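> One structure, as structure tokens, below. Some questions next.
The values are calculated or read from the model by the stated rules, or taken from the named source; none is laboratory data. Given the structure is predicted, the values throughout are model-derived calculations rather than measurements. Backbone-built Cβ (ideal geometry, glycine too); neighbour counts: all protein chains shown. Ligands, DNA and RNA are excluded from the accessible area calculation, which covers all protein heavy atoms including side chains. Shrake-Rupley method; radii C 1.70, N 1.55, O 1.52, S 1.80 Å.
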Amino acid sequence: MGRHNVEKIGGTSMNDYQAVRDNIIFKPAAEGDLYQRVFVVSAYGGLTDLLLENKKTGQPGVFGLFASSINDTGWQEALLKLRQRIYQINTELFGEGPLLDKANAFITARLDSSAQCLTDLQRLCRHGHFALDMHLDTVREMLASIGEAHSAWNMAHLLERDGVNACFVDLTGWQTEEHHSLDERVTEAFKTIDLAKQLPVVTGYAHSEDGLMSTFNRGYSEMTFSRIAVLTEASEAVIHKEFHLSTADPRMVGEDNAVPIGRTNYDVADQLANLGMEAIHPKAAKGLRQNDIPLRVKNTFEPEHTGTLITGDYVSRTPRVEIIAGCKSIYALEIFDQDMAGMLDRYDSHFLKLINQYKAHIVAKDINANTITHYLSTNLKVIKRIRRALGEAFPEAEMNQRKVAIVSTIGSDMQISGILAKAVGVLADEKINVLALHQSMRQVDIQFVVDENDYQPAIKALHSSLIEIDDHGRALCLAS
């Protein structure tokens, strides 16, 4: 086990260099060594949205516009907008002078090279023998890499300017002629780095022969972070965000009521990831868990707070709910067929095949003798495609869809007698109708499917009755 930590800095935090420098880099150094740390950085907040597509609204960025039409030049306008934003960030960080010129020259070379690649590919694919779809995964990876290369180069050189022996570690494989696995690329990059004397600033995107984005999409930086921690045998992995991992969203339950969880386990982290919450991708967490590397989630803007420590073996001292979380804009897609009884496997396997084909994310699932309902995190276009394909495969089946929300009570140990009845009663008291619910024997979460309009009221009601009532946030949470 190494002496060092591997730490990931999120995009919103990266937007505030002074806070990152003072709270993350220099603050711990006042209590120990400045070095023995590796920093994996995300792109500046909002840049990956401009490069690919807006994560929340789906509005296309450079990639989305390029992929949508072989003749359209809208992507060039989007690239110009991106370029202007990047130069603005550089000017804000470096001010006028030689370092700004150097920063602009570095990123300009990548932007120009990418623009030329896209232009050449677009021209090539106008001929019938070449299909654009075959190249889109590669284009997406190339564009994504620009954001992390930009932020990592900037941070390394800013820290150098401020007296730190930082080094830029580029895992993007830019213009490389060799294709390696992720582990090989990481191992090669760290072979000559002395962690006792150097502070590596590493790109969150790493090029690999399998392609990180095909599996992790926008969660690729978490996988890079995880593999570096595992391969370098880190003593702790740390994620710095602009918020704490709290008992609920403070904006929904009030800042005085939501507090940091303090301690939990990887099982809880997996449940949060399933709901789309940005803790850590389950496959990234898997490597940390298997290698007994604890994960700490910290708030960049509260450096004195120890944050929330996540380990594989933690179980709360007393069974309780640790967090209320959820997700809106979920589509409940239901297929009913009287002939399904006794043939569930045939229907469900085809349903799952379509979900995977159209890359929708399954949040939950209901099943009985003649009905299957999948609760999917995706957009309406994908729902219509899945529904159309199901109708073609099962022409006599009835299908329904509905937009819903899912609210979940989560904890490392929720084996509490009567908790399900209590939670349902709390929602009933607030006149919130439960459309469906799911509780597994593992007793780590209960999911309530409710109308979209009841999303925030349900979170507030459950948090008030299951967490605040026990003074969980002020005593049990932090003491555990």
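> Looking only at residues that are within 22 Å of residue 262 (Cα to Cα) and polar (S, T, N, Q) in the stretch 402-447, which one is farthest from the chain's Cα centre (by Cα)?
Applying the filter and picking the extreme gives 415.
> Now for a separate question. What are the pairs, 6+ residues apart or on separate chains, where a residue within the stretch 414-433 that is assigned to a helix (DSSP H, G or I) has its Cβ under 7 Å from a residue that is at pLDDT below 95?
Close Cβ pairs satisfying both conditions: 420/439; 423/466; 426/465.
> Please specify each residue of the stretch 74-83 satisfying the condition of being more than 26 Å from the chain's Cα centre (by Cα) and open to solvent by 50 Å² or more (accessible area, probe 1.4 Å). So that I can check it myself, show each step before the final result.
Applying the first criterion (more than 26 Å from the chain's Cα centre (by Cα)) to the stretch 74-83 yields 74, 76-77, 80.
Within the stretch 74-83, 76, 77, 80 meet the criteria.
> Name every residue in the stretch 259-293 that is touching a residue at least 40 places away in the same chain (Cβ under 8 Å), open to solvent by 10 Å² or more (accessible area, probe 1.4 Å) and touching a His at 6+ places or on another chain (Cβ under 9 Å), in order of residue number.
Passing the criteria: 259, 260, 274, 276.
> So, one more: Test residue 92 against the stated conditions and say whether it is outside any helix (DSSP H, G or I) and either closer than 18 Å to residue 159 by Cα or at pLDDT 95 or above (or both). If you could, list the steps in order and put the result at the bottom.
On the way: outside any helix (DSSP H, G or I): no; either closer than 18 Å to residue 159 by Cα or at pLDDT 95 or above (or both): yes.
Answer is no for this residue.
> Just for the stretch 429-455: of the residues that are surrounded by fewer than 17 Cβ atoms within 10 Å (Cβ to Cβ) and polar (S, T, N, Q), which one is farthest from residue 365 (Cα to Cα)?
Here the residue is 453.
> Examine the stretch 127-144 for a residue that is small (Gly, Ala, Ser), within 17 Å of residue 60 (Cα to Cα) and within 26 Å of the chain's Cα centre (by Cα), and state whether such a residue exists. Walk me through how you get there before you give the answer.
From the stretch 127-144, those small (Gly, Ala, Ser) are 128, 131, 144; that's our starting set.
Narrowing the set further to residues that are within 17 Å of residue 60 (Cα to Cα) leaves 144.
Going one step further and asking which of them are within 26 Å of the chain's Cα centre (by Cα), we end up with 144.
Looking through the stretch 127-144, at least one residue is small (Gly, Ala, Ser), within 17 Å of residue 60 (Cα to Cα) and within 26 Å of the chain's Cα centre (by Cα).
> Any residue in the stretch 151-170 that is free of Cβ contacts under 8 Å to residues at least 24 places away in the same chain sitting within a Cβ distance under 6 Å of a residue that is aliphatic (A, V, I, L, M) and open to solvent by less than 50 Å² (accessible area, probe 1.4 Å)? List the pairs, counting only those 6 or more apart or interchain.
Pairs that qualify, where the first residue is free of Cβ contacts under 8 Å to residues at least 24 places away in the same chain and the partner is aliphatic (A, V, I, L, M) and open to solvent by less than 50 Å² (accessible area, probe 1.4 Å), are 160/166.
> Right, another one. Pull out all pairs, ordered by first then second residue, where Cβ-Cβ is under 7 Å, the residues are six or more apart or on different chains, the first lies in the stretch 313-324 and is within 14 Å of residue 410 (Cβ to Cβ), and the second is acidic (Asp, Glu) and open to solvent by less than 60 Å² (accessible area, probe 1.4 Å).
Pairs that qualify, where the first residue is within 14 Å of residue 410 (Cβ to Cβ) and the partner is acidic (Asp, Glu) and open to solvent by less than 60 Å² (accessible area, probe 1.4 Å), are 315/413; 316/322; 316/413; 319/413.
> Oh, and also: Which count do you get for residues in the stretch 209-231 that are open to solvent by 10 Å² or more (accessible area, probe 1.4 Å), farther than 23 Å from residue 50 by Cα and either among the hydrophobic types (A, V, I, L, M, F, W, C) or outside any helix (DSSP H, G or I) (or both)?
Going through the stretch 209-231 one residue at a time, the tally reaches 4.
Every residue, every condition in (1) at pLDDT 95 or above; (2) touching a helix residue (DSSP H, G or I) at 6+ places or on another chain (Cβ under 9 Å); (3) of a type outside the set (Ser, Thr, Tyr), yes or no:
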| site | (1), (2), (3) |
| --- | --- |
| 378 | no, yes, no |
| 384 | yes, no, yes |
| 409 | yes, yes, no |
| 413 | no, no, yes |
| 441 | no, no, yes |
| 450 | yes, yes, yes |
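> Let me ask something else about it. Which of (1) in contact with a Pro (Cβ under 8 Å, 6 or more places away or on another chain); (2) at pLDDT below 95; (3) open to solvent by less than 40 Å² (accessible area, probe 1.4 Å) is the odd one out, the single condition residue 465 does not satisfy?
Among (1) in contact with a Pro (Cβ under 8 Å, 6 or more places away or on another chain); (2) at pLDDT below 95; (3) open to solvent by less than 40 Å² (accessible area, probe 1.4 Å), residue 465 violates only (1).
> I'm trying to understand the selection: among the residues of the stretch 48-73, which are touching a residue at least 12 places away in the same chain (Cβ under 8 Å), of a type outside the set (A, V, I, L, M) and either part of a strand (DSSP E or B) or open to solvent by less than 60 Å² (accessible area, probe 1.4 Å) (or both)? Talk me through it step by step, then tell me what you get.
To start, the set of residues in the stretch 48-73 that are touching a residue at least 12 places away in the same chain (Cβ under 8 Å) comprises 48-52, 55, 58, 60-67, 70-71.
Applying the additional criterion that residues be of a type outside the set (A, V, I, L, M) yields 48-49, 55, 58, 60-61, 63-64, 66, 71.
Residues satisfying the conditions are 48, 49, 58, 60, 61, 63, 64, 66.
> Could I ask something else about it? Of the residues 244, 240, only one is outside any helix (DSSP H, G or I) and in contact with a helix residue (DSSP H, G or I) (Cβ under 6 Å, 6 or more places away or on another chain); which? Step through it out loud before you land on a result.
Numbers: 244 fails: in contact with a helix residue (DSSP H, G or I) (Cβ under 6 Å, 6 or more places away or on another chain).
Criteria check complete, one pass: 240.
> Are any residues in the stretch 328-373 part of a loop (DSSP other than H, G, I, E, B) and surrounded by 14 or more Cβ atoms within 10 Å (Cβ to Cβ), and if so, which ones?
The initial filter retains those residues of the stretch 328-373 that are part of a loop (DSSP other than H, G, I, E, B), namely 337, 341-343, 358-360, 368-370.
Those that are part of a loop (DSSP other than H, G, I, E, B) and surrounded by 14 or more Cβ atoms within 10 Å (Cβ to Cβ): 337, 358, 360, 370.
> Let me ask something else about it. Taking the residues in the stretch 100-115 that are free of Cβ contacts under 8 Å to residues at least 60 places away in the same chain and in contact with a helix residue (DSSP H, G or I) (Cβ under 7 Å, 6 or more places away or on another chain) as candidates, determine which candidate is surrounded by the most Cβ atoms within 10 Å (Cβ to Cβ).
Residue satisfying both the conditions and the ranking: 103.
> Testing residue 379 on (1) surrounded by fewer than 18 Cβ atoms within 10 Å (Cβ to Cβ); (2) more than 28 Å from the chain's Cα centre (by Cα), one condition comes back false. Which one is that?
The single condition residue 379 does not satisfy is (2).
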